[in-house]
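S.K.: Sharing a structure below in structure tokens format, with a few things to ask.
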């Protein structure tokens, strides 16, 4: 997972072309869906801008998010 994320984040965020290139390079072009969540640093009042981009079927993106939440909560193995 670290290799997929390597170099994705900079000040302006990755372009769609950069994301596709990294995913294709790391998965050998077999990816049918991805979800990218990004956030800004918190402002002085504690608010953060959160952005989500996905490509692929909406139901599959929802499944990926649901599964990732389980992994983060320790419910499922990585």
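The values are calculated or read from the model by the stated rules, or taken from the named source; none is laboratory data. All of these numbers come straight from a predicted model, not from anything done at the bench. Reconstructed Cβ throughout: ideal geometry from the backbone, glycine too, with neighbour counts over all protein chains shown.
S.K.: Considering only segment 1-50, state which residues are farther than 17 Å from residue 68 by Cβ and either at pLDDT 85 or above or in a strand (DSSP E or B) (or both).
M.R.: Selection gives 40, 41, 42, 43, 44, 45, 46, 47, 48, 49.
S.K.: Note down all Cβ pairs under 8 Å where the first residue falls in segment 33-53 and is farther than 27 Å from residue 22 by Cα, the second is part of a loop (DSSP other than H, G, I, E, B) and at pLDDT 90 or above, and they're at least six residues apart or on different chains.
M.R.: If the second residue must be part of a loop (DSSP other than H, G, I, E, B) and at pLDDT 90 or above, the pairs left are 42/48.
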